[in-house]
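Read the structure below first, then the notes.
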Ligand SMILES: [Zn+2]
């Protein structure tokens, strides 16, 4: 019995490895796959035939040969299935439908009504999630596999395995079993993940998995980070790794909802902008509750309102302090920034660079720090579903020649 289990696990692993290789190469052939993976030709042929029958792989004609028979070229069928990704940011949600190559075919942004109490707020979040997933399912194109699942990203502590949310900034601290709450309301597999983990996954997959060490910092209502280390999403023991937002940067600083003081999140998130505005001379900032603080600060700064520019600069410097700590601790290939700060790049990045010049160690000064795309989290959430369904059991990575990417 044991050997049967091992054989089927091995087969799943080989299948995922072959499919991943076909996905990551522009085109490939059975013989190339055999050479690159070390799997024998008969095994590769069986797996490829199965993947073709399932329409995950297609044959697209003959390649050139250096002697002997011309190989049949294979290509990954990105439209064989679709997945849904949601980026829930408490006041609004961005929903995308992407094919299994991560190409977006649908995007929608909806507001989430504010709740008087934490229970109200969670009720609204659940209602909007159900509604958004149903609409996205209706909007997805027809495909051989249909929709393989949906992943909901939250700006807080979430355990991917259990689907339990532990913390949402300004909203919730405890144990919220959202998976059970949604069970029966959505007819496809559901996954839950931290937003920055989805963001970093989007960067990792979007760049063809070439950079193996990436940190994605999502700064908006809170500050969180996702890490790909050695080509794997690092979640930690309880699934809550990357909470750099709660590292202390001022031991006697502002109190945080987590129970600590001087957490980075209190200095580098959107809500700290209000404090910087007051400190920079705008005693009574007139901010509308209907638009995000970041958007309003940006509009004012672009109109050359000095108080708002100073506030954004203060935010940039404080982002820089935390980024320097992360760079020095992890020495990654790159750091990508996401969340509502993306739009304010021109005000924030020069300040971040200025801090890093002094605080990042040696080679860490040369690590690129850049802004990501606005849809990174939602698209990354859908990519995580695809990974779980199709690729999670793949074996160790193989190296693909740069010319084939
Ligand atoms: Zn904290």
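A few remarks follow.
- Compared with the dominant principal axis of the Cα atoms in the chain, helix 270-279 is inclined by about 30°.
- Nearest-ten-degree value, helix 2-24 long axis tilted from longest Cα axis of the chain: 70 degrees
- Degrees, to the nearest 10: 293-302 long Cα axis against longest axis of the chain: 80 degrees
- When 168, 315 are sorted by how many other C-beta atoms sit within 10 angstrom of their C-beta, beginning with the fewest, the order is 168, 315.
- Protection proxy ranking of 69-76, 147-154, 342-349, 214-221 - average other beta-carbon atoms within 10 Å, highest first: 214-221, 147-154, 342-349, 69-76
- From the alpha carbon centroid of the range 220-265 to that of the range 173-197 is 21 Å.
- Protection-proxy order for peptides 57-65, 379-387, each taking the mean of Cβ atoms within 10 Å per residue, highest first: 379-387, 57-65
- Over the chain: helical MRE at 222 nm, DSSP H runs n ≥ 4 each giving -39500 (n - 2.57), nearest 500: -12500 deg cm²/dmol
- For the chain, a Gaussian network of Cα nodes joined below 10 Å ranks 308, 145, 167 by mean-square fluctuation, and the top entry is 145.
- Sequence of 294, 247 once ranked by neighbouring C-beta atoms within 10 Å, starting from the fewest: 247, 294
- As a rough guide to protection, the peptides 319-325, 25-31 ranked by mean Cβ packing within 10 Å, highest first, stand as 319-325, 25-31.
Values quoted throughout were computed directly from the atomic coordinates according to the rules given, and no laboratory measurement underlies them. These numbers come from a predicted model, not from an experiment. Cβ: placed from backbone, ideal geometry, glycine included. Neighbour counts: every protein chain shown.
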